[in-house]
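To start, the structure under review is shown below, and the notes come after it.
Read the figures in this text as sums done on the coordinates, not as results from a lab. From a predicted model like this one, the values you see are computed outputs, not experimental measurements. Cβ atoms come from the backbone with ideal geometry, glycine included; neighbour counts cover every protein chain shown.
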């Protein structure tokens, strides 16, 4: 899995469309999208399939399985190809949030 977010999406309009669709997937505990939180680390897409690389805010997230499935189905619908989600082991930190997203928490 790539170490930096959006490494593959900057030059790929299809991956950008998936990322935009994933803004609708909300973390139920934090009330923010998986994209705002910086959980979507990369997206790879080709003619036959797509892969979303993501992390969770905590390895023991009680909503983890439901969140992963929601990301998979949303990405698959946006990509129109079979999609899988690969979980990374990178630890989430608030600095991974999109610019300005942590303002409501008083973090930035």
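For the peptides 84-93, 13-22, the ranking by mean Cβ contacts within 10 Å, running from highest to lowest, is 13-22, 84-93. Packing order of peptides 33-40, 59-66, 48-55, highest average first: 33-40, 48-55, 59-66 (average count of other Cβ atoms within 10 Å over each peptide's residues). In the stretch 13-89, the alpha-carbon atoms span a convex hull of 74 Å³ per residue. Rounded to 0.05, the FRET efficiency of the residue 87 and residue 11 pair, given R0 = 25 Å and the Cβ-Cβ distance, is 0.50.
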